[in-house]
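Derivation of every value follows stated rules applied to the coordinates shown; laboratory data play no part. As the structure is a computational prediction, the values presented were derived from the model and not from experiment. Here the Cβ positions follow ideal geometry from the backbone for every residue, glycine too, while neighbour counts run over all protein chains shown.
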Amino acid sequence: GDSVTQTEGPVTVSESESLIINCTYSATSIAYPNLFWYVRYPGEGLQLLLKVITAGQKGSSRGFEATYNKETTSFHLQKASVQESDSAVYYCALGSSNTNKVVFGTGTRLQVLP
Amino acid sequence: AQTIHQWPVAEIKAVGSPLSLGCTIKGKSSPNLYWYWQATGGTLQQLFYSITVGQVESVVQLNLSASRPKDDQFILSTEKLLLSHSGFYLCAWSQRAISNERLFFGHGTKLSVL
């Protein structure tokens, strides 16, 4: 079936360090998958961070970037220099362009140390 | 602005007891509505979705049911809870089909079944 695998957390990095959270997907029943990163900050609801619906394109938001790589079926989340306020749980997700369904990964808890 | 409210925030229930979780969306007419569930350490799984009042589609069978009695209300329920129902329940809405649309989530309900 369709699935998403992402870096197991928790991930701990120091402020100003670079970050990568890996995400790979399997879209066996989806012809044209759309890819998302969602984030849940402490005390807040889950919210969209960025999305990319075309293979080969890059999405960016709040200093984070992710490139939709169809060849490696990956959508890794990267940031060059993290801040303490980036501490949150990050979810990679896969949406089908022909069904009303989004498949999420297990989430990666990120802790940024001051 | 649209708001989404989930209730209760947390529940502790006994195995075999009934359950009712609710979700209300204000400021958006005819939204698509969704229930998601995440077991501890598990993935965020889509349980149900509804495109219109009175119509609910099941995505994963977990001995739960959902109903949409009003345009802005989505209810998740069961007559007999199982231990495996423990976890975190999230209600969400989208403007259109979620394949490439962002989801807007509530803050969730933490359910502990003992």
If R0 = 41 Å, then A:Q83 and A:S3, at their Cβ-Cβ distance, give a FRET efficiency to the nearest 0.05 of 0.85
Under a plain spin-label model, where a point goes 7 Å from the Cα along Cα-to-Cβ, how far apart in nm are A:S60 and B:S17?
5.1
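How would A:F104, A:F64 line up from fewest to most surrounding beta-carbon atoms within 10 angstrom?
On the way: A:F104 24, A:F64 20.
Ordered from fewest to most neighbouring Cβ atoms within 10 Å, A:F104, A:F64 come out as A:F64, A:F104.
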Over all residues in B:40-50, what is the mean tally of Cβ atoms on other chains that come within 10 Å of each residue's Cβ?
4
Relative contact order (percent) for chain B, with alpha-carbon contacts under 8 angstrom and 6 or more residues of separation?
35
Could you tell me which of the pairs A:K70/B:K28; A:K101/B:K70; A:K101/B:K28 are separated by over 31 angstrom between their Cα atoms in the structure shown?
A:K70/B:K28
Which value in nm describes the separation of the simple spin-label points at B:H5 and A:E71, placed 7 Å from the Cα toward the beta carbon?
5.2
Out of every Cα-Cα pair in chain A, what percent are more than 22 Å apart?
27
What length, rounded to one decimal in nm, is gained on full extension from A:S29 through to A:E15, with 0.36 nm per residue of separation minus their alpha-carbon distance?
1.0 nm
If each residue's Cβ is checked for other Cβ atoms within 10 Å, how do B:S94, A:S29 rank with the fewest at the top?
A:S29, B:S94
If neighbour count is taken as other Cβ atoms inside 10 Å, put B:L83, B:L33 in order from fewest to most.
B:L83, B:L33
Which one, A:S16, A:V52, A:L77, is farthest towards the positive end of the dipole of region A:5-112 when Lys and Arg carry +1 and Asp and Glu -1 on their Cβ?
A:V52
Counting alpha carbon pairs within less than 8 Å and at least 6 residues apart, what relative contact order, in whole percent, applies to chain A?
37
Descending packing, highest mean Cβ count within 10 Å first, for B:42-52, B:2-12 is B:42-52, B:2-12
